[in-house]
1. Out of the range 158-193, which residues are part of a loop (DSSP other than H, G, I, E, B), small (G, A, S) and open to solvent by less than 50 Å² (accessible area, probe 1.4 Å)?
2. Could you list, in sequence order, the residues of the range 290-304 that are part of a loop (DSSP other than H, G, I, E, B), open to solvent by less than 90 Å² (accessible area, probe 1.4 Å) and not hydrophobic (A, V, I, L, M, F, W, C)?
3. Exactly one of (1) exposed (fewer than 12 other Cβ atoms within 10 Å of the Cβ); (2) at pLDDT 95 or above is unmet by V282. Its number?
4. Give me the pairs: first residue in the range 161-178 and free of Cβ contacts under 8 Å to residues at least 60 places away in the same chain, second residue of a type in the set (V, I, T) and not in a loop (DSSP other than H, G, I, E, B), beta-carbon distance under 8 Å, and six or more apart or on different chains, which are they?
5. Which one is nearest to V305 (Cα to Cα), of the residues in the range 318-365 that are of a type in the set (F, W, Y), under 27 Å from the mean Cα position of the chain (by Cα) and modelled with pLDDT of 90 or more?
6. I'd like to verify a number: residues in the range 82-136 that are among the aliphatic types (A, V, I, L, M), touching a residue at least 40 places away in the same chain (Cβ under 8 Å) and surrounded by fewer than 22 Cβ atoms within 10 Å (Cβ to Cβ), how many?
7. Based on this model, can you work out whether T286 counts as in contact (Cβ under 8 Å) with a residue 60 or more places away in the chain and outside any loop (DSSP other than H, G, I, E, B)?
8. Which of the residues belonging to the range 62-71 are open to solvent by 30 Å² or more (accessible area, probe 1.4 Å) and either under 28 Å from the mean Cα position of the chain (by Cα) or within 10 Å of F104 (Cα to Cα) (or both)?
Amino acid sequence: MNSDERHAARRARRDAKRAANKAKRCAALTISKAAEVDNIHEAARDAAKGVRWKASVQRYMIHSLRNSLYARRDLLAGNDIRKGFVRFHVIERGKDRAIAAPRFSERVIQKAVTRAVMAPAVWPTLTTGCAANMRGRGTDYALMRLKRQLAEHWRRHGSDGYILLMDFSDYFGTIDHGVALDLVGRTLADPAAIEFMRLQIEANGSVGLGLGSEPNQALAVALPSPLDHLGERWRGIEASGRYMDDSYFIALDKATLWRFLDAARELCASLGITVNERKTRVVKLTRGFTFLKKRFRFTDTGRIVVVPTAKSLTRARRRMRVHARMVAEGSMTLAQAYTSYMSFRGSLEKKHDGRPKFRMNVHDVVRGFDRLFFELFGVWPISPR
């Protein structure tokens, strides 16, 4: 047996092992598992967090056990649970986002199926750099991982190197349903679960997935996964990561990143994803860069400094001045303005509470905001130490 034959044999054994593991994993991910009353009841409690003030949520939770039994009946019978969406728009930092929110009873069932079936099927296929909508991960995970990667890069190469920042255009609104259905068919084995996901995808129209639906979030996280795997395999790329539609790839050579970007464009086109050319760029590490609204840069000694973007701080100052006018007019109390400011201040400092949190270099920023609060309201936001 020559070298090529040995490589082919090893690849065949690995593929067979992966297929066996996938079959074993998917065999347990069925609608029957999602329809367990305990799973549905727990999904209802989680779905109600933060929205218990709504009358529809209160009506559901008063009879949560009975409603859980109704949801179990619908899932096991294969009934169509779709009731349409509550559609509204949210202006986020000047950008209009169309939200399609399902009814609460439908959202409970979606959460139960996503938690018990879709998420366990998708998560093992993702790379460690994928941080969105996964238990134990999130923005803090993504930012801490990037900071560790930058520290390792400095240890090995100093400040030499470049980073490719990638973004997708109108990601949720342009997701191809055929690609999404192919993903469901590859990751699930239960016909009832596949049919449930098909109905959820088709409920969003002919193209795109709406924001506000949990199955859509799981699908949106998993669809660009081939791009993550391509970045990990690409020779010359030393680190990478992704949070939903924001990706980065670090390499020593700029040409490596440009070649990778050409391949990434072709891959994204095959997945029905449009690369946002305006936001996609290659940046030298010494110049600093922005990821997830945080500005990263190296100091001369290799220290990694992370601060909020200037635009986010400008918006916060503008909001404080608006609150000061409202307090002067009597439409807002000083206590309310104080609570709002301390919430923003806490998001900057992120006090340690036993859980891993991403800490920024914001000592001077916070002191500056404290002084601005004093100038606007005449009181210190915290007691002097």
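1. G158, S159, G161, S169
2. Matches in the range 290-304: T299, G302.
3. For V282, the failing item is (1).
4. Within 8 Å, the pairs are H177/I201.
5. Result: F344.
6. Residues that pass the stated criteria total 8.
7. The answer is yes for T286.
8. None; the set is empty.
The values are calculated or read from the model by the stated rules, or taken from the named source; none is laboratory data. Everything numeric in this text was worked out from a predicted model, so none of it was measured. In this analysis, Cβ positions are derived from the backbone assuming ideal geometry, glycine residues included, and neighbour counts consider all displayed protein chains. Accessible surface is based on the protein model in full, side chains and every heavy atom, while ligands, DNA and RNA are left aside. Shrake-Rupley method; radii C 1.70, N 1.55, O 1.52, S 1.80 Å.
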